[in-house]
Amino acid sequence: MPDPECHIRFDNNPYGVYLAGQTLAGQVELRLTEILSVIGISLRLDGLTEIEWSEVIESATGHQPSGSRKTARYHGQQTLLNSTSFLCGSSVGPVRDLAIGTHTYHFSCELPAHLPTSFEGYHARIRYTAKVSVHRTKARVDPIGQASFTVLRHLNLNEHGEVLLLPAKSELTKVFCCGPCSSEPLYISAQIARCGYIPGQTIVMKIDAVNRSRTTVTEFRVKLVQKLCYSSQQPAVETRTDALVVAESRCSGVTSGEVVKHQQNLLIPAVPPTYTDGAPLFSVNYELEVEARVTGPNISPRLAMPITIGTIALEQAVPKEKLKPLTKPPWDPFSSQHYTDIIGTRIPIGHAVRRSQAGLEEQLPNGSNNVRLHYIVHRNGGELPP
């Protein structure tokens, strides 16, 4: 006997997108070309987090020869939603015959408010499905139709306290080489106005750099990094973290003996919100990374700041009495020299001009959103020029 033709449709929601806590409603349509004998027709709503990845392991012990390889596959899962209701009959009722033609059944179910946002990745996925099955007997259940739906869970940044409203600053001092060949330090600091954002907002990053080393920083790269953390259940408990760059912005670097300031804008794309409720099995976090690309065989220094991405933006400001000064740099880059600010104010876009250390004016590219301040260095400690 062939399976009936089955169609699952969601009411007033052709794409099947729901907020966690909303009511999922729709109808199941069966089209029969011959009489169907069943004891019931069920609808099951499933939500599942699944992770899986594989690793090639070198083996040099045991019964395997030296240098042999084997592939280990790690996986794990967590049930988020498992709800079954009967559209017709039951799992233990008497047999009934469904006539030839079209049969329509309506359903309605309230989704739990704690469901996480749907996610699709290389090694992890959070999926939701509606499945229709025909119960021909107590022992025989045949699936006949399936439809996927998407769940979006709000993350209100205002419910996470005032910590997301506070500014954040990260800084580092890098010395290239070591011993008698070591250079003077490169100092970099990065600062943002707050730690909570939503997609569509712009992160304004302020970068200060003082380069006393002999190494040139060719450019600064500001990145929004999505960090995906997995923890397997079988065949053993193992962890893995993937870092994906979802947005990036670049600006010019800093040469030896130069002091620069940048203001770099980074637009947040459409990404899922921060998700930590599924830890340790699966979690999604974000951080801002500033990479100073340097010349030569040196490792490019990086600094990072964790941020939270939600779906409802921050509304209020932090009271001034709760704001504390940001920590001072580990060394004062201005302690032994005098610096005179040449530009000192934001340059209007469209007629932007910058002045080099040689005193020459250079036209900036139209549309540039970087603010770069150059300084004259007076090494003798005398009076500053007028």
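Here are a few things to note about the model shown:
- In the stretch 1-61, the ratio of gyration radius to Kirkwood radius, Rg to Rh, stands at 1.25 when only Cα atoms are counted.
- Two-decimal log10 I(q)/I(0) for the stretch 103-206, as the Debye equation yields it once each C-alpha is a single scatterer, q = 0.16, 0.20 Å⁻¹: -0.99, -1.16
- Chain lengthening between residue 239 and residue 202 when straightened (0.36 nm per residue, less Cα-Cα): 10.1 nm
- Rg/Rh ratio calculated on Cα atoms of the stretch 6-165 (Kirkwood radius): 1.16
- Euclidean distance between Cα centres, the stretch 25-56 to the stretch 98-143, Å: 4 Å
- Cα centroid separation, the stretch 256-304 to the stretch 164-243: 5 Å.
- Between residue 166 and residue 311, the FRET efficiency from the beta-carbon distance, with R0 = 25 Å, is close to 0.75.
- Net charge contributed by nearby residues that have their C-beta within less than 15 Å of residue 92 (K/R +1, D/E -1): +4
- Relative packing of 97-109, 161-173, 205-217, which averages over residues the other C-beta atoms within 10 Å, highest first: 205-217, 161-173, 97-109
- Under the Karplus curve 6.51 cos²θ - 1.76 cosθ + 1.60, θ = phi - 60°, whole-Hz ³J(HN,Hα) for the stretch 48-57, x wherever Gly or Pro sits: 8, 9, 10, 10, 6, 7, 10, 9, 8, 10
- With each label modelled as a point 7 angstrom along the Cα→C-beta vector, the residue 175-residue 298 pair spans 1.3 nm.
- Of the trypsin sites (Lys or Arg not before Pro) found in the stretch 44-145, those that fall in a DSSP loop while having at most 12 other beta-carbon atoms within 10 Å are 138, 140.
- Extending 7 Å from Cα along the Cβ direction at residue 85 and again at residue 9 yields two label points whose distance is 1.9 nm.
- Accessible-area composition of the stretch 29-128, carbon plus sulfur, in percent [1.4 Å probe]: 48 percent
- With q set to 0.17, 0.21, 0.22 Å⁻¹, the log10 of I(q)/I(0) for the stretch 167-247, from the Debye formula over equal scatterers at the Cα positions, is -0.89, -1.03, -1.07.
- Accessible surface area normalised per residue over the stretch 181-286 is 39 Å², counting heavy atoms of protein chains with a 1.4 Å rolling probe.
- The stretch 183-311: Cα Rg divided by the 2.2 N^0.38 Å rule of thumb: 1.22
- Placing R0 at 45 angstrom, the Cβ-Cβ distance between residue 136 and residue 55 gives a FRET efficiency of 0.55 after rounding to 0.05.
The values are calculated or read from the model by the stated rules, or taken from the named source; none is laboratory data. Worth saying up front: this structure is predicted, and the values here are computed from it rather than measured. Neighbour counts are summed over all protein chains in view; Cβ atoms, including those assigned to glycine, are modelled from backbone coordinates with ideal geometry. We work out accessible area using only protein heavy atoms, side chains counted, and drop any ligands, DNA or RNA first. Shrake-Rupley method; radii C 1.70, N 1.55, O 1.52, S 1.80 Å.
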